[in-house]
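Worksheet: the structure to be examined is printed underneath.
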Amino acid sequence: MIQSFGNTSAQEIWETDSSKALPKELWLRAKALLTIMHSTSTLDDLKIRGQPPNVRLHKLKGDRKTQWCVTIKLHWCITFEFKNGEFSNVRIENYHKG
């Protein structure tokens, strides 16, 4: 279950199905991923192949080593912390953007 959002983009997608920052063609996929996150208490559900495809679940490194990431579409991602079956600090971001 999603416990908290870390930025406006993620909260906008969750609450209104739209976002000022995320390209419009990615809104539906982002909402689908957030819905899966909210409906589960395990990371394994994000690893399911096929629906949604190619989420590329992976743990981040360095100063973000407590966070995980799933891909909406390169380079847009949903990053989050996961502990005790709960997703927190859920953010939609282009974290590769320099």
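Taken together, the values in this text are just the output of simple stated rules run on the coordinates, not laboratory data. If you're wondering where the values come from, they're calculated on a predicted model, not measured in any experiment. Note: ideal-geometry Cβ built from the backbone for every residue, glycine included; neighbour counts use all protein chains shown.
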* Asked: Which loop-located trypsin sites (Lys or Arg not before Pro) does the stretch 1-85 contain, where loop means any DSSP state but H, G, I, E or B and the Cβ has at most 10 other Cβ atoms within 10 Å?
  -> 20, 49, 61, 65
* Cα centre as origin, Lys/Arg/Asp/Glu Cβ charges: the chain dipole, Debye -> 420
* **Computed [θ] at 222 nm, helices only, for the chain once each DSSP H run of length n ≥ 4 contributes -39500 (n - 2.57)** => -6500 deg cm²/dmol
* To do: Could you grab the relative contact order for the chain? Cα pairs under 8 Å, six or more apart, rounded to a whole percent.
  => 32
* **Percent antiparallel among DSSP beta bridges (both partners in the stretch 5-98, rounded to 5)** => 95
* Structure fact -> Calculating volume of the Cα convex hull per residue in Å³ from this structure picks out, from (1) 92; (2) 139; (3) 170, entry (1)
* To do: Mind listing the long-range amide H neighbours of residue 72? Cut-off is under 5 Å, sequence gap 5 or more, other chains count too, H placed in the peptide plane at 1.01 Å from N.
  => 77, 78
